[in-house]
Amino acid sequence: MNGPLVLGVETSCDETSVAVLDGEHRILGHVILSQDVHEVYGGVVPELAARQHLAHLDRVVDRALDDAGVGLDAIDAVAATAGPGLVGALLVGVGWARAAARALGVPFVPVHHMEAHLFAPSLESTEAEPPFVALLVSGGHTLLLYVSEWGRYELLGETRDDAAGEAFDKVAKLLGLPYPGGRPLSDLAQSGDPTAFRLPRPMLRRDQRPGTPAWYDMSFSGLKTAVLLALRELEAEGEFEARRADLAASFEAAVVDVLVSKTLRAVEERGCRRVLMGGGVSANRRLRAEMAVRLGDGGRVIVSSPRLAMDNGAMVARAGRFHLDRGSGARAEPHARPDLPFPGLRRAAD
Ligand code: KG4
Ligand code: ZN
């Protein structure tokens, strides 16, 4: 095996995940344990998330190492998500990773969770190399970036309120679907008519102009309210069950329309027809399909498999390896920080 073996630890939310990457970024072992305890509460309970990470992290590490066929003493660096995320959950992963790195006498590399999502597609595709326009859509963030090279991230736009995944989760809850709701909502939408309800496309207007924040920024909380109002009408008419799938499909179509339209503005402006998508929502079938169709011939959508689009340790190890090679890991703050700044990110106007 050539190059350093990197162990990646992800505990920022409700997945306990660990991976071993070899020198060529190949995944040798990878375990993703999704905590199902939150389902009965309809959302992640931070205290429970931290306790679950603590209860299972050792086993998850052991399994990942077993699958890789190596012992902990073969590891050359330990990377862990240091933020953003739930502080108690982050502390478990960072605490474990720092202690392990110290005991092994190897570097500890703190990783930004959204930068890790950005690296995820590169684990499966050699095409996932800058330059590209990046759309990062998760439960906590919605970011539109232009990436000219790894480590240089230009922030074009972001959500002003709810993240795209958060909107999926909240609307799914309104529709009586389990948590996390993105996948179940998308499954329900398959049998619905996406044109059945005229839902708003927030922050997407013809009078917006390039160079203003509104051009790229997004908003999803008003859309959730529009769904709620439509749902109340359906309930009053006794039509809720019959039209639930139509409402799900119309909501999904509205979110996807906003995400794709904003991304295409960046594609046109930057003259770059390569779009990389990351984060849990990038697993959405409608988003993938519509992005590809509207990008058209000559365009390229770069996404990972659904397994690597969700929170996972492999993407953390990959981003950690980047900073290890650059020597920037040692300079990063080695503590869990729910508000960790995205390294290398600057606003387009700065
Ligand atoms: O990146 P991720 O695994 O965790 C965070 O960093 O938040 O993203 C989780 C989010 C959840 O909101 C979940 O509902 C959403 O991704 N999601 C989806 C789909 N699969 C997961 N949203 C829409 N369609 C999907 N197929
Ligand atoms: Zn995530």
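The magnitude of the dipole of the chain, with charges of +1 and -1 set on the Cβ of Lys/Arg and Asp/Glu and taken from the Cα centre, is near 840 debye. A crude spin-label estimate for the pair PHE240 and SER148, with each label 7 Å from Cα along the Cβ direction, gives 5.3 nm. Projecting label points 7 angstrom from Cα along Cα→Cβ for THR195 and ASP73 puts them 6.7 nm apart.
Here TRP215 sits with roughly 40 square angstrom of accessible surface, probe radius 1.4 Å. Per residue, the stretch 32-183 exposes 40 Å² of accessible surface when a 1.4 Å probe is rolled over the protein heavy atoms with every protein chain present. Helix 87-104 sits at what angle to the longest principal axis of the chain, using alpha carbons and giving 0 to 90 degrees rounded to 10? Taking Cα atoms only, the helix is inclined about 20 degrees.
For helix 285-295, report the angle its Cα long axis makes with the longest principal axis of the Cα atoms of the chain; keep it between 0 and 90° and round to the nearest 10°. Helix 285-295 and the main axis of the chain meet at about 80 degrees.
The Kirkwood hydrodynamic radius of the chain, based on inverse pair distances between different Cα atoms, is 20.6 Å. Remark: the stretch 123-129, residue by residue, has Karplus-estimated 3J(HN,Hα) of 6, 10, 9, 6, 6, 6, 10 Hz, where x stands for each Gly or Pro and the curve is 6.51 cos²θ - 1.76 cosθ + 1.60 at θ = phi - 60°.
The Cβ shell under 10 Å around SER122 holds other residues with a net charge of -2, Lys and Arg each +1, Asp and Glu each -1.
Here is the P(r) of the stretch 2-48: all C-alpha pair distances, binned every 5 Å from 0, give 5, 20, 23, 16, 12, 10, 8, 5, 2, 0 in whole percents. Mean residue ellipticity, 222 nm, helices only, the chain: the sum of -39500 (n - 2.57) across DSSP H runs of n ≥ 4, divided by residue count and rounded to 500, is -13500 deg cm²/dmol. Within the accessible surface of the chain, defined with a 1.4 Å probe on protein heavy atoms only, the carbon and sulfur portion equals 50 percent.
A simple charge model with +1 on the Cβ of Lys and Arg, -1 on the Cβ of Asp and Glu and nothing else charged puts the dipole of the stretch 297-350 at about 120 debye relative to its Cα centre. All C-alpha pair distances within the stretch 187-270, sorted into 5 Å bins from zero, spread as 3, 15, 22, 21, 15, 10, 8, 5, 2, 0 percent across the bins. When DSSP beta bridges are restricted to pairs lying wholly in the chain, around 55% turn out antiparallel.
For the stretch 146-212, the spherically averaged projection of the C-alpha convex hull amounts to 7.2 nm². Packing order of peptides 228-239, 69-80, highest average first: 69-80, 228-239 (average count of other Cβ atoms within 10 Å over each peptide's residues).
Look at the alpha carbon pairs under 8 Å that are at least 6 residues apart: their mean separation over the length of the stretch 1-109 gives a relative contact order of 32 percent. The residues of the stretch 196-314 present an accessible area of 44 Å² per residue when probed at 1.4 Å with all protein chains retained.
Positive-end ranking of VAL256, ALA236, ALA289 along the dipole of the stretch 234-291, with charges on Cβ about the Cα centre, is headed by ALA289. Applied to the stretch 81-86, the Karplus parametrisation 6.51 cos²θ - 1.76 cosθ + 1.60 on θ = phi - 60° returns per-residue 3J(HN,Hα) values of 5, 9, x, x, x, 7 Hz, with x for Gly and Pro.
Here is the list for the stretch 148-224: trypsin sites (Lys or Arg not before Pro) lying in DSSP coil, each with at most 12 other C-beta atoms within 10 angstrom of its C-beta, are ARG198, ARG205, ARG206.
Computed extension length for ARG270-ARG59: 71.4 nm, one decimal, from 0.36 nm per residue of separation with the Cα-Cα distance subtracted.
A DSSP coil position with no more than 10 other Cβ atoms inside 10 Å describes none of the trypsin sites (Lys or Arg not before Pro) in the stretch 38-127.
The values are calculated or read from the model by the stated rules, or taken from the named source; none is laboratory data. Bear in mind the structure is a predicted one, so any value in this text is a computation, not a measurement. Backbone-built Cβ (ideal geometry, glycine too); neighbour counts: all protein chains shown. The protein model used for the area step is the full one, side chains on, heavy atoms only, and it has no ligands, DNA or RNA in it. Shrake-Rupley method; radii C 1.70, N 1.55, O 1.52, S 1.80 Å.
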